[in-house]
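Heads up: the structure comes next, in C-alpha cells.
The values are calculated or read from the model by the stated rules, or taken from the named source; none is laboratory data. Keep in mind that this is a model prediction, so the values were computed, not measured. Glycine gets a Cβ as well: all are built from the backbone with ideal geometry, and neighbour counts include every protein chain shown.
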Amino acid sequence: MKSIKLGLLGALLMMAQVAQAGEVRVAVAANFTAPMQEIVPLFEQASGHKVSVSFGSTGKFYAQIKQGAPYDAFIAADTRTPKKLDGDGLTVNGSRFVYALGKLVLWSAQPGLVDDKGAVLRKGGYNKLSIGDPKLAVYGTAAQEALEEMGLWKVLQSKLVKGDNITQTYQFAASGNAELGFIALSQITKGGKVGEGSWWIVPAHYYNPIEQSAVMLSSAQDTEATKAFLAFLKGPQAATVIRSYGYELP
C-alpha cells in the first residue's frame, strides 16, 4: 500500500512538473552555436523547460526583432545591438548582461599556412580571405578593425569573401573556398584546445572588445521560463561550457 502511495505521489509530481514546464524561444548569435548546443540540454534537464533556438547574425536578428519576430530572449554577439533594442523599447528593463568576451582568430584549414604573428596576410600566397559581413556580423566588424589596424583593409579588398554570419565565414575557410578566414576562436576550440589547421589569435588591441550580451525581450510569452534560462546562462554550469570554447568571462 505504501509503495502504491509513493508511486502515485511520484506520478503527481511528474504531472505537476510537466504542467509548469515552459518554452523559451531564443535568437542566438552564430559564433555561440556550439556552446549553446551544450547549454540547452543542461538547462532543459535542470529546469524541465524546453528551449527553441535559432542561430544567425546579430544584425539580421536585430532587424527581425524590430519587425516583431517571436523571440523571448536575444543572445547577441555584442552589446551595442541589445542596447539599441533597449532604446527601441523592445527589451525588459534591467535584463541585459554580458555573458562572454569573444576573441577573433585568423584561421586556415591548412596546417602551417598561418604563422603565430599573422604575417601571412602581408606575405600573400593565398587567393581569398573570408570575413563576416561587417554590416551584419560583429566578428566581421572586428575583422575589419584588425585589418585597418594592420593597414591592410584597402589593400586586401579584392581577396575578401564576406559571409552573412560567422558560421558561413567559417564554412568558406573550412571548405577551401577561402584559404584564410577571420572567425571566432570558439569555432575551432573545444575542451579548451584548438583543433586542426593553423591559426593566429589576433591581439585584443587590434579591435574593439567583443562583449557579448544577452537580454530578455518585451515580447517574451513565458517570462518565468525566460528568466530561468537567462539566470542559467549566468550560472556555473554554463560558465564551464563557455570557457571550454575559448571565451573569457566578464
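Of all residues in the stretch 129-148, none are modelled with pLDDT of 95 or more, more than 12 Å from TRP107 (Cα to Cα) and among the basic types (Lys, Arg).
Put simply, of ALA109, ALA46, ALA76 the only residue that is of a type outside the set (D, E, K, R) and crowded, with 23+ Cβ neighbours inside 10 Å is ALA76. Scan the stretch 135-155 for residues that are buried (at least 18 other Cβ atoms within 10 Å of the Cβ) and in a loop (DSSP other than H, G, I, E, B) and the total you get is 2. Looking only at residues that are outside any loop (DSSP other than H, G, I, E, B) and more than 16 Å from LEU230 (Cβ to Cβ) in the stretch 73-90, which one is farthest from the chain's Cα centre (by Cα)? Checking each candidate, the answer is GLY87. Any idea which residue in the stretch 112-134 is surrounded by the fewest Cβ atoms within 10 Å (Cβ to Cβ), counting only those that are among the basic types (Lys, Arg) and in contact (Cβ under 8 Å) with a residue 24 or more places away in the chain? Across the stretch 112-134, the extreme among qualifying residues is LYS117. A search for C-beta distances below 9 Å between a residue of the stretch 221-250 that is among the charged types (D, E, K, R) and any residue that is surrounded by 16 or more Cβ atoms within 10 Å (Cβ to Cβ) and assigned to a helix (DSSP H, G or I), counting only pairs 6+ apart in sequence or on different chains, returns GLU248/ILE242.
Answer with yes or no whether ALA109 is under 24 Å from TYR62 (Cβ atoms) and in contact (Cβ under 8 Å) with a residue 12 or more places away in the chain. No. Of the listed requirements (1) at pLDDT 95 or above; (2) in contact with a strand residue (DSSP E or B) (Cβ under 9 Å, 6 or more places away or on another chain); (3) assigned by TED's automatic domain parsing to the domain that holds GLY235, SER57 misses just one: (1).
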